[in-house]
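The block underneath contains the structure these notes are about, expressed in structure tokens.
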Amino acid sequence: MTPCIFCQIAAANAPASVVYQDAHVTCFLDTQPVNPGHVLVVPQIHVESLKDLPAAIAAQMMIVAQQLMRGLRNSDLQCEGINLFLADGSVAGQEVSHVHLHVIPRFANDGFGLRFAPGYGTHPCREELDDLAAIIRRAVS
């Protein structure tokens, strides 16, 4: 079985343009960037799904993402806004089976966008929303 490429990068056993690293996360430039400065925030431990990641490491990912966002906005890179994106599971678009958070600098007319599914923008009635909320509350409890 081939070792996970993100685990290899975190262990400095594979090439990467590292931006930041601490005991919990490694951050490096995406080799298929949406825009220049597109960074991946990756936990040091191998976990495929965010649901299995210890909460403290998930929190550290967000803290570091916030630092990266400040850095991108203060850099000479074109950055008028930023998207944070985490795909969890292949159906959601996760291509590497290791949790990772994309920090994507954005600017007007950069050509990137999210496509919403047909039916987006419909407004379910309050009763339907309340029923869905109850289902989720039961599952979270």
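The values are calculated or read from the model by the stated rules, or taken from the named source; none is laboratory data. Keep in mind that this is a model prediction, so the values were computed, not measured. Cβ atoms come from the backbone with ideal geometry, glycine included; neighbour counts cover every protein chain shown. When the accessible area is computed, the model is the full protein with side chains, heavy atoms only, and any ligands, DNA or RNA have been set aside. Shrake-Rupley method; radii C 1.70, N 1.55, O 1.52, S 1.80 Å.
Quick one: helix 126-140 against the long Cα principal axis of the chain, what's the angle to the nearest 10°, folded into 0 to 90?
Relative to the chain, helix 126-140 is tipped by roughly 50 degrees.
Give me the percent relative contact order of the chain, please, defined on Cα pairs under 8 angstrom at least 6 residues apart.
22 percent
Return the Rg/Rh ratio of the chain with Cα-based radii and a Kirkwood Rh.
1.03
If you build a Gaussian network model of the chain, linking Cα atoms that sit under 10 Å apart, which residue out of LEU53, LEU77, LEU129 swings the most?
LEU129
With every protein chain present, what accessible area does THR26 have (1.4 Å probe, heavy atoms only), rounded to the nearest 10 Å²?
My reading of the accessible area for THR26 is about 0 Å².
Rounded, prolate or oblate: which fits the stretch 14-64 when a ≥ b ≥ c are the square roots of the eigenvalues of the alpha-carbon gyration tensor, with rounded for a/c under 1.5 and prolate only if a/b beats b/c?
Cα axes put the stretch 14-64 in the prolate bin.
Of all the accessible heavy-atom surface of the chain, with the other protein chains kept in place and a 1.4 Å probe, what percent is carbon and sulfur? Don't skip to the end; give the middle numbers.
On the way: 5260 of 9330 Å².
It is 56 percent, rounded to a whole number.
Relative to the longest principal Cα axis of the chain, at what angle does helix 55-74 sit, 0 to 90 degrees, rounded to 10?
Relative to the chain, helix 55-74 is tipped by roughly 70 degrees.
Using helices alone, what [θ] at 222 nm do you get for the chain, with -39,500 (n - 2.57) per DSSP H run of 4 or more residues, divided over all residues and rounded to the nearest 500?
-9500 deg cm²/dmol
Write down the accessible area per residue of the chain in Å², having rolled a 1.4 Å probe over the full set of protein chains.
Heavy-atom SASA per residue in the chain reads 66 Å².
Any chance you could tell me what percent of the C-alpha pair distances in the stretch 64-141 go past 22 Å? Write down the numbers at each step before the final one.
Working: 1613 of 3003 pairs.
Roughly 54 percent, once rounded to a whole number.
Of the residues VAL103, VAL42, VAL91, which exhibits the maximal mean-square fluctuation in a Gaussian network model of the chain defined by a 10 Å Cα contact cut-off?
VAL91
Can you tell me the dipole magnitude for the stretch 68-141 around its Cα centre, using point charges on the Cβ only (Lys, Arg +1; Asp, Glu -1), in Debye to the nearest 20?
Result for the stretch 68-141 is approximately 180 debye, rounded to the nearest 20.
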